Amino acid sequence: MSRVQRILGASALLVIAALGLLVAATQTTMTWYQAPGADGMATKQIAVFEPAVVGTVIAAVAVLALLVHLVLVIRRAVPRLQWVVAVALTVATVIAAVLVSIADRPTF
């Protein structure tokens, strides 16, 4: 594989993982409004969705590792095992984002 192809491949893995991080990170908070009280005002409530926090941490670690992988790919050819790990990290990030997206939210 040529150097340009290696750089493009590592960049594509990084972009896919970054999109997974974006998906997981945007779902960390939940907002709902309680029923109006005696004064007629509804109060805004914000809670943290814990599975999204876990997914965000997993995706963030994977993105950092893939960023290091990209830097190494730019500098030199890396072993085949490192590519396998990079693909596995990208797959783990996508799975984490999908699981966060389909997880049941609590009802208030």
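Some observations on this one:
- Candidate set: segment 88-108, residues that are among the aliphatic types (A, V, I, L, M) and closer than 30 Å to Ala35 by Cα; chosen: the one modelled with the lowest pLDDT: Ala103
- Of Leu8, Leu66, Leu21, all but one fail to be touching a Leu at 6+ places or on another chain (Cβ under 7 Å) and either surrounded by 14 or more Cβ atoms within 10 Å (Cβ to Cβ) or over 24 Å from Arg105 (Cβ atoms) (or both); the exception is Leu66.
- Close pairs from segment 28-46: first closer than 28 Å to Leu99 by Cβ, partner of a type outside the set (A, V, I, L, M, F, W, C) and not in a strand (DSSP E or B), Cβ under 8 Å, at least 6 apart: Thr28/Thr56; Met30/Arg105; Met30/Pro106; Tyr33/Thr43; Gln45/Gln34
- Leu14 vs. criteria closer than 29 Å to Gln82 by Cα and surrounded by fewer than 17 Cβ atoms within 10 Å (Cβ to Cβ): no
- Residue that is farthest from the chain's Cα centre (by Cα), among those in segment 38-53 that are surrounded by 15 or more Cβ atoms within 10 Å (Cβ to Cβ) and in a helix (DSSP H, G or I): Pro51
- The residues in segment 76-108 that are among the hydroxyl-bearing types (Ser, Thr, Tyr), in a helix (DSSP H, G or I) and more than 16 Å from Thr26 (Cα to Cα) can be counted, and the count is 1.
- Taking the numbered list (1) within 23 Å of Ser2 (Cα to Cα); (2) in contact with a helix residue (DSSP H, G or I) (Cβ under 7 Å, 6 or more places away or on another chain); (3) surrounded by fewer than 17 Cβ atoms within 10 Å (Cβ to Cβ) in turn, Leu99 passes all entries but (1).
- In segment 62-87, the residue that is modelled with the highest pLDDT out of those that are of a type in the set (Gly, Ala, Ser) and over 14 Å from the mean Cα position of the chain (by Cα) is Ala86.
- A single member of Ala59, Ala65, Ala35 is in a loop (DSSP other than H, G, I, E, B), out of contact with any strand residue (DSSP E or B) (no Cβ under 9 Å at 6 or more places or on another chain) and either of a type in the set (A, V, I, L, M) or closer than 15 Å to Ser11 by Cα (or both), and it is Ala35.
The values are calculated or read from the model by the stated rules, or taken from the named source; none is laboratory data. Just so it is clear, the model here is predicted, and its values are computed rather than measured. Reconstructed Cβ throughout: ideal geometry from the backbone, glycine too, with neighbour counts over all protein chains shown.
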